[in-house]
Structure formats: structure tokens, C-alpha cells
Amino acid sequence: MNTRICAAVLTVVVLTAGCTGTPDAAPPSATTTTTTTAPPTPAELNERAKAAIAPADAFAALGGQVKGSAPTTDGEIGADREIVALLCGTEEMLVDGTSVARSRVWTGGVSLFQRVHAMSDRTAAALVGAVRTRLSRCAKSRGAEEATSVAKPQGVDDFFAHCETNPDAGFVPWSCSALIGRGTLISVVTASGQSKESAQAQLTSVLPIFAQTFAKA
């Protein structure tokens, strides 16, 4: 056989032999692990709300004393879907999803109300933004306005304050309220007075006390 033909045949044999091996196995596919976190139970939310609300003696130095708390005992779990804010006199702002609320009223040397909501999946930032938006719709007709002189206290992430007249003669003429939030925890603090200036001054003076407890919860 011609030498060139033999070399060509040998080359074909070698190349063919190199292609007849077993193909490499494909690498195993990556396995994705999904971790689900169970939502907090009402009992767990209740413990957080208890930790966030100001203690009964928080305003003793100002002559304040507790008039009432809801629930009345620490062992009871707070109510679900309580009102976060009553806007424009009639419009209720509620928490979407599961929540536990605890509230307290102080009288005497002060006129204060606080309600804390520990929420399972709603963020305080979303609620604060919603209150700000809805309140702006009726600010002119209701006399509500943002109390810009009330400073955001330390230890909170979300904050909005406003003052509003109380048209009902059975109530103190003015109320100034602040929403303070952090994560899925939100609280409304309200101070009342005979004038906007007195209510606003009281709210300004007590907010750091409320925030101190709230920020640790």
C-alpha cells in the first residue's frame, strides 16, 4: 500500500478510536433549600407589645397616674386589629394581618394616651406613610395639621406627628398625636390640652420617655 495512503488510514483509525470513549457524566444539579419562618404567635406578639408600652409609673415625676389599661392584666393577650388612628374624625386606620395591641391612659399631672401594636407582617413605615397621606386629605376642613415643631425622638425609625381639634364638647379641645415605629412595631401617643400649644408642648416633653421604652422592645 502506498505510504501516504497508509498514513491517512492510520490517522483516521487513531481519531476514531479517540472518539469512542464513554462520555463524561453531567455534574449533579444544584439543590435549592427553602427555609420558611413561621409567623409569630399572638402570645409572642403580646410579649413584644408589653415590652414596648410605657410602664405605669413612667410619668410619676410629672404627677401622672394610670387611669386604665387594656387589657387590664399582663397575663391577658391584647386585642387583634385595634384602631391605629382615627383620622378626620371618622376614618379608622386598622392593621392588616395579625396584630396584638395594648393601650394605657394617664391622668393627673398629664393627659396622655398610648396604644402599641405588635404586628406579624405589616411594617410601621407603611402605616405611618398611609396616615400621613390620608390626613392630608382633610387637614383644611378638620383643622388638622402636622406638628412640625415636635421632633423625632431617638430610637425610632418612623415618625409622624400632627395636632387636631376635637369638635366634641365632651373632649379636651386639642389633641396632638405622634406615630412612632420600628420594624413591625408601631405606637400612637396622644397628649391633650386646652390649646394646641399646650398639647404640643406636653407631647414634646413626654415623647422621649415613651421612645426610651419603645426602642428596647
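Structure values in brief
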item: Ellipsoid equivalent to the stretch 42-179 - semi-axes via the Cα gyration tensor, in Å; result: 24, 20, 14
item: For Ser120, solvent-accessible area (1.4 Å; no DNA, RNA or ligand), Å²; result: 30
item: Sorted peptide list for 189-198, 75-84, criterion being average Cβ within 10 angstrom, highest first; result: 189-198, 75-84
item: Heavy-atom accessible area ranking, 1.4 Å probe, most first, across His117, His162; result: His162, His117
item: Under-5 Å amide H pairs with Val84, H placed in peptide plane, nonlocal only; result: Met93, Leu94, Val95
item: Separation of the Ala130 and Ala151 label points, Cα + 7 Å toward Cβ, nm; result: 3.1
item: Neighbour net charge for Thr184 - beta-carbon separation under 10 angstrom, K R +1, D E -1; result: +2
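The values are calculated or read from the model by the stated rules, or taken from the named source; none is laboratory data. What you are looking at is a predicted structure, and each value in this text was computed from that prediction instead of being measured. Heads up, the Cβs are rebuilt from the backbone with ideal geometry, glycines too, and the neighbour counts pull from every protein chain shown. Remember, those area values only see protein heavy atoms, side chains included, never the ligands or the DNA or RNA. Shrake-Rupley method; radii C 1.70, N 1.55, O 1.52, S 1.80 Å.
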